[in-house]
Amino acid sequence: MNNFYTVLVVDDEMLIRQGIIHYVDWETNGYQIVGEAANGKEAIKKIEQLEPQILLTDIVMPSMDGIELIQFVKKHYPAMEIIVLSSYEEFDYVRKTFQLGVADYILKPKLNEKEILTTLDKLISKRTNLQQEEVSISMDDVVRKLIHGYQTIREFNYLRDVLQEKTISLIEVFTKPDTELHLSKRKLCALFERMNLPISVNEISIENYSKLFLLYTKEQNSMIEAQKAIEKISGTFKMTIGEPFSETSKMKEIYEAIERTKRFHFFLPDKRILYTNHLPNATDPTFLFDFNHFTHLVKHRQIEQAYSYINEYIENITETYAMEVHEFQSWLGNICFNMIVLVDNMDLNTEKLEENKYNYLKKVNDAFDVQEAVTVYQELIAEVKELLLTNVASPPMIEQLLQYIDENYQEPLTLEDLANHFHFNPSYLSSYFSKQMNQGFNEYLHKTRIEQAKNLLKKHEISISSISEKIGYSDPSYFTKVFKKMEGISPRQYRRKVVDAK
């Protein structure tokens, strides 16, 4: 047993927390880190559980900032000493924290072992009310340091002695954000006890929504049985089981293999449990994504083709595991962002789409697996298609379409010709035209041609076949069929009717 001053570290940046925790030789200097938190709310829970003597906290944090946390601590734990971590631009906040009773502050740009220990030692020399407490070496803390490569020789030797001549297994369990992770050390111990398996369990919190379980036993067969039993545990969480090992020095290597497996969990959403030594091979994608082609499709409003092109590429990435999770999320987020920018340049009413832009990016970045990420993109595609169909800025476009038809009806005009001329997707143009005109493109084209035919039929010198050709029908019999369908009589009967009327 050793006497230490106990410290809780609070900062929303994980790298800063890890740096403070692992780069300072705390115990040699008489201190021990008893916990960490990412914001004020988490810190309060840890304070109530651990009651540290010293609080080392950032000021600007989400959920509950440092000011609120300091106010809470000074009200409920007045004896606790507080040191503030601050950036240069946060000095107004620092001034306020001194008014609340903090002991000192450290500028983040100067954050190093010497600065931290000097500030703490100065605090201890001024405060006679702080007494060192007896704190034993924590197995969980030592494992956490070892897998991140920060352990001291003393800690490594301690872990080696505990795990000597034992079969060891690391198992990581994680779940979706905002979903409670129900699997615990207590449940695993109860399971192994029912099975009469001599397995010891340690539970290490790695980050929010993720736990690492350290299992160890003297009986190798018991570890095999334990892993099989764990596979049968039901729940919404995902699990990675590392290859069993016996040398403590391999723990960091095994943990890194577990972390690499997260890529496969992401691209295999239906697989709940993966073993690090039974993974599919990651290969290069069979084709490269052409961003210019994607841009061309969106600019020409060929949204369905753009969607299909994206899907084809995602399927290829999913089959080859060719990207890390953060790379895929960054790529898809970039696709979503550029899709919105391109649509915004189409002179449409994109106010709602613009409001949702960063929400789409956040959803992609927070996606638990590839299915969730693709669902976000599908939502965006649906919103873009709806926008193109219903946008209030579209009447000038319908006028251009009608003018083009009026000027070219005598040509063999098709919907595809019109779509190509105005850079529309034919399917979209068909829906758009019908919505604006309450009739389809072909119906409108026939009406335009038949109206022109009626004018020409009043002139006796022009034959029926010539009229058919002049208004865009190459087949006179087809012209007659369309005319009779729309007017109820044939072109010849219509001409006689006009003559009789005169």
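The values are calculated or read from the model by the stated rules, or taken from the named source; none is laboratory data. The shown structure was predicted, so the numbers you read here are calculated from the model rather than taken from an experiment. Neighbour counts run over all protein chains shown; Cβ positions are idealised from the backbone, glycine included.
Considering only residues in the range 281-321 that are over 21 Å from the mean Cα position of the chain (by Cα) and charged (D, E, K, R), the one that is modelled with the lowest pLDDT turns out to be ARG301. In the set (1) modelled with pLDDT of 75 or more; (2) outside any helix (DSSP H, G or I); (3) assigned by TED's automatic domain parsing to the domain that holds VAL9, LYS122 fails one condition alone, (2). Taken together, PHE213, PHE264 contain a single residue that is in contact with a strand residue (DSSP E or B) (Cβ under 7 Å, 6 or more places away or on another chain), among the aromatic types (Phe, Trp, Tyr) and assigned to a helix (DSSP H, G or I), which is PHE264. Mind listing just one residue for me: the one in the range 329-372 that is at pLDDT 90 or above and surrounded by fewer than 16 Cβ atoms within 10 Å (Cβ to Cβ) and, of those, nearest to LYS299 (Cα to Cα)? Among those residues, the one meeting the criterion is ASN334.
One residue stands out among those in the range 18-44 that are of a type in the set (D, E, K, R) and closer than 23 Å to SER63 by Cα: the one that is surrounded by the fewest Cβ atoms within 10 Å (Cβ to Cβ), which is LYS41.
If I ask for residues that are surrounded by 14 or more Cβ atoms within 10 Å (Cβ to Cβ) and either under 38 Å from the mean Cα position of the chain (by Cα) or assigned to a helix (DSSP H, G or I) (or both), which ones from the range 394-416 would you list?
Hits for the range 394-416 are SER394, MET397, ILE398, LEU401, LEU402, TYR404, ILE405, ASN408, LEU415.
Cβ separations smaller than 6 Å between residues 6+ apart or across chains give the following pairs from the range 462-481 residues that are more than 14 Å from THR448 (Cβ to Cβ) to residues that are part of a helix (DSSP H, G or I) and among the polar types (S, T, N, Q): PRO476/SER465; PRO476/SER468. Kindly indicate whether any position in the range 240-249 is of a type outside the set (Gly, Ala, Ser), without any contact (Cβ under 8 Å) to a residue 12 or more places away in the chain and either out of contact with any strand residue (DSSP E or B) (no Cβ under 9 Å at 6 or more places or on another chain) or not assigned by TED's automatic domain parsing to the domain that holds HIS148 (or both). There is no residue in the range 240-249 that is of a type outside the set (Gly, Ala, Ser), without any contact (Cβ under 8 Å) to a residue 12 or more places away in the chain and either out of contact with any strand residue (DSSP E or B) (no Cβ under 9 Å at 6 or more places or on another chain) or not assigned by TED's automatic domain parsing to the domain that holds HIS148 (or both). When GLN220 is tested against (1) surrounded by 14 or more Cβ atoms within 10 Å (Cβ to Cβ); (2) within 21 Å of ALA257 (Cβ to Cβ), just one condition goes unmet, and that condition is (1). Each residue in the range 279-321 was checked for being buried (at least 16 other Cβ atoms within 10 Å of the Cβ) and basic (Lys, Arg), and 1 of them qualify. Assigned to a loop (DSSP other than H, G, I, E, B) and farther than 30 Å from LYS363 by Cβ: is that true of PRO177 in this structure? It is false that PRO177 is assigned to a loop (DSSP other than H, G, I, E, B) and farther than 30 Å from LYS363 by Cβ. Right, GLY101: more than 27 Å from VAL142 (Cα to Cα), touching a Pro at 6+ places or on another chain (Cβ under 9 Å) and either surrounded by 15 or more Cβ atoms within 10 Å (Cβ to Cβ) or at pLDDT below 90 (or both) or not? For GLY101, the condition - more than 27 Å from VAL142 (Cα to Cα), touching a Pro at 6+ places or on another chain (Cβ under 9 Å) and either surrounded by 15 or more Cβ atoms within 10 Å (Cβ to Cβ) or at pLDDT below 90 (or both) - is met. Residues that are in a helix (DSSP H, G or I) and within 26 Å of the chain's Cα centre (by Cα) were ranked within the range 231-258; the one that is surrounded by the fewest Cβ atoms within 10 Å (Cβ to Cβ) is GLU256. Considering only residues of the range 267-278 that are surrounded by fewer than 17 Cβ atoms within 10 Å (Cβ to Cβ) and in contact with a strand residue (DSSP E or B) (Cβ under 6 Å, 6 or more places away or on another chain), which is modelled with the lowest pLDDT? Within the range 267-278, the match that is modelled with the lowest pLDDT is ARG272. Close contacts from the range 346-365, counting a first residue that is free of Cβ contacts under 8 Å to residues at least 24 places away in the same chain and a second that is assigned to a helix (DSSP H, G or I) and among the β-branched types (Val, Ile, Thr), with Cβ to Cβ under 6 Å and a gap of 6+ residues or different chains, come to LYS357/ILE340; LYS363/VAL376. Cβ-Cβ contacts under 7 Å between residues 6 or more apart (or on different chains), taken from a first residue in the range 96-113 that is within 13 Å of THR57 (Cα to Cα) and in the same structural domain as THR57 (by TED's automatic domain parsing) to a second residue that is aromatic (Phe, Trp, Tyr) and assigned to a helix (DSSP H, G or I), are listed as LEU107/TYR88. Kindly establish whether LEU188 is among the hydrophobic types (A, V, I, L, M, F, W, C), at pLDDT 90 or above, closer than 24 Å to PHE264 by Cβ and out of contact with any Ser or Thr (no Cβ under 9 Å at 6 or more places or on another chain). For LEU188, the condition - among the hydrophobic types (A, V, I, L, M, F, W, C), at pLDDT 90 or above, closer than 24 Å to PHE264 by Cβ and out of contact with any Ser or Thr (no Cβ under 9 Å at 6 or more places or on another chain) - is met. Here is a list: GLU165, GLU203. Which entry is part of a strand (DSSP E or B) and in contact (Cβ under 8 Å) with a residue 40 or more places away in the chain? Testing whether each residue is part of a strand (DSSP E or B) and in contact (Cβ under 8 Å) with a residue 40 or more places away in the chain leaves just GLU203.
Listed by first and then second residue, the pairs with beta-carbon distance under 9 Å, at least 6 apart or on different chains, first residue in the range 430-450 and closer than 21 Å to GLN410 by Cα, second basic (Lys, Arg) and surrounded by fewer than 16 Cβ atoms within 10 Å (Cβ to Cβ), are GLN439/LYS447; HIS446/LYS485. Comparison of LEU50, LEU8 shows that the only residue that is without any contact (Cβ under 8 Å) to a residue 60 or more places away in the chain and either touching a Cys at 6+ places or on another chain (Cβ under 9 Å) or surrounded by fewer than 21 Cβ atoms within 10 Å (Cβ to Cβ) (or both) is LEU50.
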